[in-house]
Amino acid sequence: MKFGFFDDANKEYVITEPRTPYPWINYLGSQAFFSLISNTAGGYSFYKDARLRRITRYRYNNVPIDMGGRYFYINDNGTVWNPGWSPVKTELDAYTCRHGMGYTIIKGEKNGLEAEVTFFVPNNYNGEVQKVVLTNKSGAEKTFKLFSFAEWCLWDAQDDCTNFQRNFSTGRVEVDGSVIYHKTEYRDRRDHYAFYSVNDSIDGYDTDRDSFIGLYNGFNDPQAVMAGKANDSFADGWSPIASHYKEIKLGAGESKTLIFILGYVEMPVDQKFEADGKTINKVKAKAMMEQFDTPEKVDAGLAELKASWDKLLGILNVDTPDDKVDRMVNIWNQYQCMVTFNLSRSASYFESGIGRGMGFRDSNQDILGFVHQIPDRARERIIDIASTQLPDGGCYHQYQPLTKKGNSDIGGDFSDDPLWMILSVSAYIKETGDWGILDEMVPYDNDESKAQPMLDHLKVSFYHIVNNLGPHGLPLAMRADWNDCINLSCYSDTPGESFQTYTNPKFAAEGGYSKVAESVMVATLFTYTGPNYVAILKHLGKDDEAAAAQAEIDKMKKNVMASAWDGDWFLRAYDSEGKKMGSKECEEGQIFIEPQGFAIMSEIGKEQGADKKTLAAIDERLNTKFGLVLNNPAFTKYYIQYGEISTYPGGYKENAGIFTHNNAWIICAAAYAGQGDQAFKYYSEIAPAFTEETSDIHKTEPYVYGQMIGGKDAGSDIGRPGKNFGQGKNSWLTGTAAWNMVAISQYILGVQPDFDGLKIDPSIPAAWDGFNITRKFRGNTYNIAVKNPDHVCKGIKSVTVDGKKIDGIVMPVFEAGSVHEVEVVMG
Ligand code: BGC
Ligand code: NOJ
């Protein structure tokens, strides 16, 4: 069942039923000011850091789930409704929500009155603009009342939802005409305030929540709205809010536009107040209001935002035989890559914004799907991440975006972390040709005195693996590898211990974690990633270092084949007792997805057919109609030696859930091995646009990936196998976005930036006649037409650039600013 449709021409998903199976959200803002907005206008705003600088309040895990947001209430002679249906939930005569690129338009109609609200964060602007257009379609004059609503958060979102003994006595506001200012703690230690304005006169306001809503009422029946009159309440402690009240009269056919702005302002300390030393200095706020005080200015701001997205999305554009692929690649997957790049794993409807900062591995992987959009921002991010690295190549697992410092509460010793940086730096150089990044002086542990060239960071990353091998010559597993839930040094039997940070004291003497437990996944990630480091060294003429690094890669491949090949697939790990994990010999969890794709793409054991065997085993044991499960059979009991993984009921999350992130590695691997049909099958099982028809099962947004889909074992624990099979969770902020972008664009469609140029090597469904792709690369535009006359999955007969055949499959880099016609014939 569908709940809307894709409007590709406008790059929008149009929701036509407000009761979606879960709130379907969008993000506004992509620089510093961000908002989350659901299809009923639920959500919140923050500045840069969802935890430390939260602007409006939102209650997670609420009942109902999505209560709280920026709401407009209309009281039309006793009929009270919202343009987005919720929270009042009066049945509307018409409803649509258009989620677009950085904007959302919600339109509702009731009793001949239409209210359309456009929400967006303009470029280079620290505020959310809300354009409200009210149109009287009733054929007779109408008089009604409009109320706006936003609830302030007292800045630190964690403190805001826990420290009530203090917070109920700190809230402060100022009202100046039609503008409500939130200034809690501004007099004291803060240099920032927020405001909510409207570009017209008002007939009243409320700034105290209990006065507006009422202590025994809810968002669905706020007392002031129901009574049809604001109280002009003035918050002094408790919960400050901002609500404007306006009486409006519209003749038949007449409409009225109002512009509301929810803004954030920072002031230099010596300019915080007016001359009286008390009243806040509103100069900057007023300038922000003036920037968008007419519908024309708002429309121009939205047009500019749309144009900047058109430009960004124009860097990579495809025309394939499948519309769903086109809308994923050209619009939604790229859009999601921008959002994950910006927010890492901090704030979504599944991430509360107070939990995690920026993840070392997460942010490095996010760059893989984002780097072509704004390479300069990718570069800046790479330097930020690398600056938190430790001199021996180890990494803080996370850092806070506001301070950019490594987070010592979580610490390090995640065995995969350093490798992702080799991959992100390589992706950056391949995209831009900017080898200069390797000379950039980058601190270790945020200490400038310990700065070394970026190349040194790659070296210590590479050798961090080489220097930390276990008994089989495979990398030590440490606290966890990519799979945060395989914790081989944890042995936790006490509730509340974090599986990621707790290591059992029995390993204290060994340095904190087992020196026996090894990760095959890190081994194959090393053999997949390492060749990039070798290529970089060769490019720099460091042949001896390159040869030494290559020798380590070759050795690792041998070790994997000698100790981690299980006959039909690769093992997952050795546990701290040296026992195999992910082997036929195991009772449960016999095969895991993570090491397989990288092993295939590293060609480990290829001469013995390891790639084909592994792909066949994956297809047989892991594949389902909704994607590939992470492991099989699912764990049905707690294996203390494995850690968090077996705490999940089978079919969920890392215990045999369909973890879409690592599905992409198999899509890449199948494509790499020439199995284009298989690759495409796995791609289409999970790509959001393909799940649209089954939105009632899939639940989460059909335009973005979620981290997890219920696997085939879901429900088994409660004796109802298949219960939540196919049900998505944790949408938006996941490495799935970047990796599936890589899988479809670089491996299936096969347009792959390489150090020396743009490589083209598609691996597509044999049935396709071909496809077209436009790729802007290092200042040039390549219009590529791929023809597949023999209906093969993979293989290239010829590549012609501007009418001339070239040798090989790497298109040369031309002088910037030129356009090139490329014809690729497969066969
Ligand atoms: C989740 C992982 C996540 C980890 C760290 C676990 O509970 O299952 O997906 O990466 O927590 O936050
Ligand atoms: C989510 C985390 O953000 C990511 O870092 C991790 O690799 C996966 N979960 C798998 O556990």
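Would you work out the relative contact order for the chain, in percent, from Cα pairs under 8 angstrom that are 6 or more residues apart?
Reported relative contact order: 9 percent.
Can you send over the carbon and sulfur percentage of the accessible area for the chain, probe radius 1.4 Å, protein chains only?
Looking at the chain in its full context, I get 48 percent from C and S.
From the square roots a ≥ b ≥ c of the eigenvalues of the alpha-carbon gyration tensor of the stretch 4-310, which class results: rounded (a/c under 1.5), prolate (a/b over b/c), or oblate?
rounded
Roughly what % of DSSP beta bridges within the stretch 749-826 run antiparallel, to the nearest 5?
In the stretch 749-826, approximately 75 percent of DSSP beta bridges are antiparallel ones.
Per residue of the stretch 403-417, in order, report the coupling 6.51 cos²θ - 1.76 cosθ + 1.60 (Karplus, θ = phi - 60°) as ³J(HN,Hα) in whole Hz, putting x for Gly and Pro.
The phi angles translate into 9, 6, 9, x, 8, 6, 4, 8, x, x, 6, 9, 5, 8, 3 Hz.
Take every DSSP beta bridge with both residues inside the stretch 315-745 and express the antiparallel ones as a percent of the total, to the nearest 5.
Bridges in the stretch 315-745 that DSSP calls antiparallel: roughly 95 percent.
Taking only protein heavy atoms into account and a 1.4 Å probe, give the accessible area per residue of the chain in Å².
35 Å²
Please give the residues of the stretch 633-654, grouped as numeric ranges, whose backbone N is less than 13 Å from a label point set 7 Å along the Cα-to-Cβ vector of Lys506.
Backbone N within reach: 640-643.
So what is the 222 nm mean residue ellipticity for the chain from helices alone, if each DSSP H run of at least 4 adds -39500 (n - 2.57) and you divide by all residues, rounding to the nearest 500 deg cm²/dmol?
-7500 deg cm²/dmol, from helical runs alone.
Express in nm, to one decimal, how much length is gained between Asp323 and Ser818 on full extension, taking 0.36 nm for each residue of separation and deducting their alpha carbon distance.
Net length gain for the segment: 175.3 nm.
With unit charges on the beta carbon (Lys/Arg positive, Asp/Glu negative), name the residue among Gly710, Trp768, Gln223 whose Cα is farthest towards the positive pole of the charge dipole of the chain.
Gln223
Check Tyr444: other-chain or 5+ apart residues with amide H under 5 Å from its amide H, H built from backbone geometry?
Lys450, Ala451, Gln452
Which percent, to the nearest 5, of DSSP beta bridges fully inside the chain are antiparallel?
For the chain, the DSSP antiparallel bridge percentage is about 95.
Say each of Arg166 and Tyr60 gets a label point 7 Å from the Cα, pointing the same way as Cα to Cβ; how far apart are those two points in nm?
2.1 nm
I'd like the distance between the alpha-carbon centres of the stretch 17-32 and the stretch 663-730, rounded to an integer number of Å.
21 Å
Two decimals, Cα atoms only, Kirkwood Rh: what is Rg/Rh over the stretch 493-554?
1.23
Show the residues, 5+ positions off or on another chain, whose built amide H is closer than 5 Å to the amide H of Glu12.
Asp7
Looking only at Cα atoms, what is the convex hull volume of the stretch 67-164 per residue, in Å³?
It comes to 130 Å³ per residue, whole-number rounded.
Once you have a ≥ b ≥ c as the square roots of the Cα gyration tensor eigenvalues for the stretch 749-826, tell me rounded if a/c is under 1.5, and otherwise prolate or oblate according to whether a/b is larger than b/c.
It comes out prolate by the Cα gyration axes.
Under unit Cβ charges (Lys, Arg +1; Asp, Glu -1), what dipole magnitude, rounded to 20 debye, does the chain have relative to its Cα centre?
Dipole about the Cα centre, nearest 20: 600 debye.
Kindly state, as a whole number, the per residue volume in cubic angstrom of the convex hull around the alpha carbon atoms of the stretch 694-736.
Here the figure is 67 Å³ per residue.
Run the numbers on the stretch 640-735 and let me know its relative contact order in percent, using alpha-carbon pairs under 8 Å that are six or more apart.
29 percent
Please sort 559-568, 708-717, 355-364 by packing, taking for each peptide the average over its residues of neighbouring beta carbons within 10 angstrom, highest first.
708-717, 355-364, 559-568
How big is the stretch 411-568 along each principal axis, measuring the range of its Cα positions in Å and listing the largest first?
Cα spread of the stretch 411-568 along its principal axes, largest to smallest: 51, 43, 27 Å.
Need the full-extension length gain, Ala287 to Asn111, defined as separation in residues times 0.36 nm minus the C-alpha distance. One decimal, nm.
59.6 nm
Find how much the distance from Ile640 to Glu254 grows on full extension, using 0.36 nm per residue of separation minus their present alpha carbon separation; answer in nm with one decimal.
Contour length minus the Cα-Cα distance gives 132.1 nm.
Out of the GluC sites (Glu not before Pro) in the stretch 791-823, which ones are loop residues according to DSSP with at most 10 other C-beta atoms within 10 Å?
Listed in order of number, the matching sites are Glu815.
To make sure I understand the rule: partners must be lysines, Cα under 17 Å from the Cα of Lys787, and not fewer than 8 residues away in the same chain. Which ones qualify?
Leaving aside lysines fewer than 8 places away in the same chain, those within reach of Lys787 are Lys759, Lys797, Lys804, Lys805.
Starting from the 7 Å offset along Cα-to-Cβ, what nm value, one decimal, do you get for the label separation of Asp790 and Asp554?
Going from the Asp790 label point to the Asp554 one covers 3.3 nm.
With all pairs of different alpha carbon atoms counted, what Kirkwood hydrodynamic radius in Å does the stretch 315-745 show?
In the stretch 315-745 this quantity evaluates to 21.6 Å.
Could you check the simple spin-label distance between Asp299 and Ile374, using points 7 Å along Cα→Cβ, in nm with one decimal?
The modelled label-to-label distance comes out at 2.7 nm.
Is there a pair in Lys515/Lys606; Lys137/Lys324; Lys606/Lys794 whose C-alpha atoms are over 25 Å apart, and which pairs would that be?
Lys515/Lys606; Lys137/Lys324
With θ taken as phi - 60° and the coefficients 6.51, -1.76 and 1.60, list the Karplus ³J(HN,Hα) couplings across the stretch 96-113 in order, rounded to whole Hz; mark glycine and proline as x.
Taking θ as phi minus 60°, the curve returns 9, 10, 9, 8, x, 6, x, 8, 9, 10, 10, 10, x, 9, 8, 6, x, 10 Hz for the stretch 96-113.
Quick one: putting +1 on the C-beta of Lys and Arg, -1 on the C-beta of Asp and Glu, what dipole do you get for the stretch 683-780 around its Cα centre, in Debye to the nearest 20?
Rounded to the nearest 20 debye, it is 220 debye.
Enumerate by residue number the trypsin sites (Lys or Arg not before Pro) in the stretch 157-253 meeting two conditions: DSSP loop (anything except H, G, I, E, B), and at most 12 other Cβ atoms within 10 Å of the site's Cβ.
Sites meeting the loop and neighbour criteria: Arg189.
Under 8 Å for C-alpha pairs, at least 6 residues apart: give me the relative contact order for the stretch 749-826, rounded to a whole percent.
About 35 percent, as a whole number.
I'd like to compare 367-376, 606-615: which one has the highest average count of other Cβ atoms within 10 Å, and what's the full order after that?
Going from most to least packed, we get 367-376, 606-615.
I'd like to know which of Tyr58, Asn75, Trp85 lies farthest towards the positive end of the charge dipole of the stretch 56-151, counting +1 on Cβ of Lys and Arg and -1 on Cβ of Asp and Glu.
Tyr58
From the cross-link list Lys107/Lys249; Lys405/Lys776; Lys681/Lys712; Lys131/Lys278; Lys272/Lys297, which pairs have alpha carbons spaced over 26 Å apart?
In this structure, Lys405/Lys776; Lys131/Lys278; Lys272/Lys297 lie more than 26 Å apart at Cα.
Please list, by residue number, everything in the stretch 342-367 whose backbone N is under 18 Å from a paramagnetic label point 7 Å out along Cα→Cβ of Lys405.
Output list for this probe position: 356-360.
Report, ordered by chain and residue number, the aspartates and glutamates lying within cross-link reach of Lys229, taken as a straight Cα distance under 16 Å and ignoring same-chain residues fewer than 8 apart.
Candidates past the 8-residue exclusion: Asp76, Asp203, Asp206, Asp208, Asp210, Asp221, Glu247.
Angle between the Cα long axis of helix 454-466 and the longest principal axis of the chain, 0 to 90 degrees, nearest 10?
60 degrees
Rounded, prolate or oblate for the chain? Axes are the square roots of the Cα gyration tensor eigenvalues, ordered a ≥ b ≥ c, and the cut-off for rounded is a/c under 1.5.
Verdict is prolate for the chain.
The values are calculated or read from the model by the stated rules, or taken from the named source; none is laboratory data. The structure displayed is predicted, hence computed values, not measured ones. Please note: Cβ atoms are built from the backbone with ideal geometry, for glycine as well, and neighbour counts cover all protein chains shown. We work out accessible area using only protein heavy atoms, side chains counted, and drop any ligands, DNA or RNA first. Shrake-Rupley method; radii C 1.70, N 1.55, O 1.52, S 1.80 Å.
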